[in-house]
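**Student:** Let me give you the structure first, and then I'll get to my questions.
The values are calculated or read from the model by the stated rules, or taken from the named source; none is laboratory data. Since the structure is predicted, the reported quantities are computational estimates derived from the model, not experimental observations. Neighbour counts are summed over all protein chains in view; Cβ atoms, including those assigned to glycine, are modelled from backbone coordinates with ideal geometry.
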Amino acid sequence: MRKLLCTTLCLGAATFLLVFESRSQVQAQTQVVKTRLANLRQLTHGGENAEAYWAPDGKRLIFQSTRDGHDCDQQYIMNADGSNPHLVSTGKGVTTCGYFLADGKHILYASTHEGSAACPAKPDRSKGYLWAVYPDFDIYLAEDNGKIIKKLTNTPGYDAEATINWKTHRIIYTSMASGDLDVWSMNEDGSDKKQLTKAEGYDGGAVFSRDGSQMVWRAYRPDTPEKLDLYRSLLKENLTAPMKMELFVARSDGSAAKRITDYGCASFAPTFTPDGKKILFASNKHNCDSSDFELYLINTDGTGLEQVTSYGGFTSFPEFSPDGTRMAFVSSYKGQSKYEFNVFTADWK
């Protein structure tokens, strides 16, 4: 596989750097699919920004960013027009996957700050392209001013990638509590934890549909003894290899699970359309060896694939606004350097 240009591809586990072979993003940024998106707005300008998710009233976004002298991602909140970005995490360790609760006054995110104030070490790239699943990650509930209210997870090992359904108040997240990387759910106070996936392999990046009846997530399922052995050995080192991820849909309790992609590439960051009938996601299915990720739309039964963007660089982390009229996402589009990833919004048509 080609070496990468540093691209922020958060597994939900953290903001991870893909190191693909350098290719001019300016040259790649030529043509955009405009059938679904209109009135593109760039909210951040410079640096590494990722995972921007809406507040319930649609007036703010929480996102992760490496800025203000921090060496790895922290959580920030800004207004929906990009103004007033301000720190809401501790400034220690690394954080990922911030999300507003339904009251708009509280947030949750994962952080390693209790394990160490320093940024954790990045994976050894001599072993190939790997993601770290840091065991110090736990999920925290905080006020939207940054004051931590409660630590929601406390089992040994990785707990991160949390989102919450505003109707049912259930959090869905990835945990090593079972000894494997599985999807779990819990109440917003951390009670009633339930394991939703049990097949061996990585399961993560999950979200519920708005009505709370469905869930979608990304998964890697080793299909040979050799791949399973490699997966297990990497997991013992708190690592996983991410370049073969497919999307699965199930009922919200994890039952009736079905795979809806089969591209042999990296498909991730899925989110339901407001009506729960389609899924918007990021993938490099057009070139599995490429660092170019575009947004795609697909029916929940895996039919009707439609390409939404063609920016030619890295585009991911889509989420629809609460009223369903806009979309937030992250892209290298219009980036002035090869390490620049910004938050955008656009009207959804």
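**Student:** If a residue has to be within 25 Å of Phe63 (Cβ to Cβ) and surrounded by fewer than 15 Cβ atoms within 10 Å (Cβ to Cβ) to count, how many in the range 277-329 make the cut?
**Tutor:** The number of residues fulfilling the criteria is 3.
**Student:** Going by the conditions given, is Gly93 on the phi > 0 side of the Ramachandran plot, in contact (Cβ under 8 Å) with a residue 24 or more places away in the chain and crowded, with 20+ Cβ neighbours inside 10 Å?
**Tutor:** Details: on the phi > 0 side of the Ramachandran plot: yes; in contact (Cβ under 8 Å) with a residue 24 or more places away in the chain: yes; crowded, with 20+ Cβ neighbours inside 10 Å: yes.
Here the answer is yes, as Gly93 does meet what is asked.
**Student:** Output the strands (runs of 3 or more DSSP E) that fall wholly within the range 98-200 and possess 2 or more residues being among the aliphatic types (A, V, I, L, M) and closer than 20 Å to Gln64 by Cα, or say none.
**Tutor:** Working: elements: 106-111, 138-143, 148-151, 159-164, 170-175, 182-187.
Of the strands (runs of 3 or more DSSP E) lying wholly inside the range 98-200, those with at least 2 residues that are among the aliphatic types (A, V, I, L, M) and closer than 20 Å to Gln64 by Cα span 106-111, 138-143, 148-151, 159-164, 170-175.
**Student:** So if I check each of Gly58, Gly46, Gly82, which one is out of contact with any strand residue (DSSP E or B) (no Cβ under 7 Å at 6 or more places or on another chain), modelled with pLDDT under 95, farther than 15 Å from Ile148 by Cα and not β-branched (Val, Ile, Thr)?
**Tutor:** Working: Gly58 fails: modelled with pLDDT under 95; Gly82 fails: modelled with pLDDT under 95.
Step by step, each of Gly58, Gly46, Gly82 is checked, and only Gly46 is out of contact with any strand residue (DSSP E or B) (no Cβ under 7 Å at 6 or more places or on another chain), modelled with pLDDT under 95, farther than 15 Å from Ile148 by Cα and not β-branched (Val, Ile, Thr).
**Student:** Going through Ala256, Ala250, Ala269, Ala219 one at a time, which residue ends up being touching an Asp or Glu at 6+ places or on another chain (Cβ under 8 Å) and at pLDDT 95 or above? Spell out how you get there, then give the answer.
**Tutor:** Numbers: Ala256 fails: touching an Asp or Glu at 6+ places or on another chain (Cβ under 8 Å); Ala250 fails: touching an Asp or Glu at 6+ places or on another chain (Cβ under 8 Å); Ala269 fails: touching an Asp or Glu at 6+ places or on another chain (Cβ under 8 Å).
Criteria check complete, one pass: Ala219.
**Student:** Within the range 240-272, count every residue that is exposed (fewer than 15 other Cβ atoms within 10 Å of the Cβ) and in a strand (DSSP E or B).
**Tutor:** 3
**Student:** Let me ask another. Evaluate the following for Gly205: is it buried (at least 20 other Cβ atoms within 10 Å of the Cβ) and under 30 Å from Gly104 (Cβ atoms)? Break it down stepwise before answering.
**Tutor:** Working: buried (at least 20 other Cβ atoms within 10 Å of the Cβ): yes; under 30 Å from Gly104 (Cβ atoms): yes.
So Gly205 fits the description; yes.
**Student:** Residue check: is Ser332 over 15 Å from Phe281 (Cα atoms) and touching a helix residue (DSSP H, G or I) at 6+ places or on another chain (Cβ under 6 Å)? Explain how you work it out, then say what you get.
**Tutor:** Working: over 15 Å from Phe281 (Cα atoms): yes; touching a helix residue (DSSP H, G or I) at 6+ places or on another chain (Cβ under 6 Å): yes.
Against the criterion (over 15 Å from Phe281 (Cα atoms) and touching a helix residue (DSSP H, G or I) at 6+ places or on another chain (Cβ under 6 Å)), Ser332 qualifies.
**Student:** Is it true that some residue in the range 230-239 is among the hydrophobic types (A, V, I, L, M, F, W, C), in contact (Cβ under 8 Å) with a residue 60 or more places away in the chain, surrounded by 16 or more Cβ atoms within 10 Å (Cβ to Cβ) and assigned to a strand (DSSP E or B)? Talk me through it step by step, then tell me what you get.
**Tutor:** Restricting attention to the range 230-239, the residues satisfying the condition of being among the hydrophobic types (A, V, I, L, M, F, W, C) are 230, 234-235, 239.
Filter once more, so that each one left must be in contact (Cβ under 8 Å) with a residue 60 or more places away in the chain: 234-235, 239.
Right, trim to surrounded by 16 or more Cβ atoms within 10 Å (Cβ to Cβ) and you get 234-235, 239.
Narrowing further to those that are assigned to a strand (DSSP E or B): 239.
Yes, some residue in the range 230-239 is among the hydrophobic types (A, V, I, L, M, F, W, C), in contact (Cβ under 8 Å) with a residue 60 or more places away in the chain, surrounded by 16 or more Cβ atoms within 10 Å (Cβ to Cβ) and assigned to a strand (DSSP E or B).
**Student:** A follow-up question, please. So is Thr15 buried (at least 22 other Cβ atoms within 10 Å of the Cβ), within 19 Å of Lys334 (Cβ to Cβ), modelled with pLDDT under 95 and not acidic (Asp, Glu) or not? Quick ask: steps written out before the conclusion?
**Tutor:** Details: buried (at least 22 other Cβ atoms within 10 Å of the Cβ): yes; within 19 Å of Lys334 (Cβ to Cβ): no; modelled with pLDDT under 95: yes; not acidic (Asp, Glu): yes.
Considered against the rule, which asks whether it is buried (at least 22 other Cβ atoms within 10 Å of the Cβ), within 19 Å of Lys334 (Cβ to Cβ), modelled with pLDDT under 95 and not acidic (Asp, Glu), Thr15 comes out as no.
**Student:** Kindly evaluate Lys167 against the criterion of being surrounded by fewer than 20 Cβ atoms within 10 Å (Cβ to Cβ) and touching a Phe, Trp or Tyr at 6+ places or on another chain (Cβ under 7 Å).
**Tutor:** Working: surrounded by fewer than 20 Cβ atoms within 10 Å (Cβ to Cβ): yes; touching a Phe, Trp or Tyr at 6+ places or on another chain (Cβ under 7 Å): no.
No.
**Student:** Can I ask one more? Which of the residues spanning the range 201-216 are in a strand (DSSP E or B) and within 14 Å of Val249 (Cα to Cα)? Before you say what the answer is, go through the steps one by one.
**Tutor:** Filtering the range 201-216 for residues in a strand (DSSP E or B) gives 202-208, 214-216.
Correct list: Asp203, Gly204, Gly205, Ala206, Val207, Phe208, Gln214, Met215, Val216.
**Student:** A further question on this structure: Quick one: in the range 182-202, which of the residues that are among the acidic types (Asp, Glu) and free of Cβ contacts under 8 Å to residues at least 40 places away in the same chain is surrounded by the fewest Cβ atoms within 10 Å (Cβ to Cβ)? First the steps, then the outcome.
**Tutor:** Here is the first cut: in the range 182-202, the residues among the acidic types (Asp, Glu) are 182, 188-189, 192, 200.
Then drop every residue that is not free of Cβ contacts under 8 Å to residues at least 40 places away in the same chain, which leaves 182, 192, 200.
On the way: Asp182: 24, Asp192: 9, Glu200: 17.
Only one residue tops the list, namely Asp192.
**Student:** Separate question: Across the range 37-86, which residue is nearest to Thr309 (Cα to Cα) among those that are part of a strand (DSSP E or B) and acidic (Asp, Glu)? Before you say what the answer is, go through the steps one by one.
**Tutor:** To start, the set of residues in the range 37-86 that are part of a strand (DSSP E or B) comprises 37-42, 48-54, 60-66, 74-79, 86.
Adding the requirement that they be acidic (Asp, Glu) leaves 48, 51.
Working: Glu48: 20, Glu51: 17 Å.
The qualifying residue nearest to Thr309 (Cα to Cα) is Glu51.
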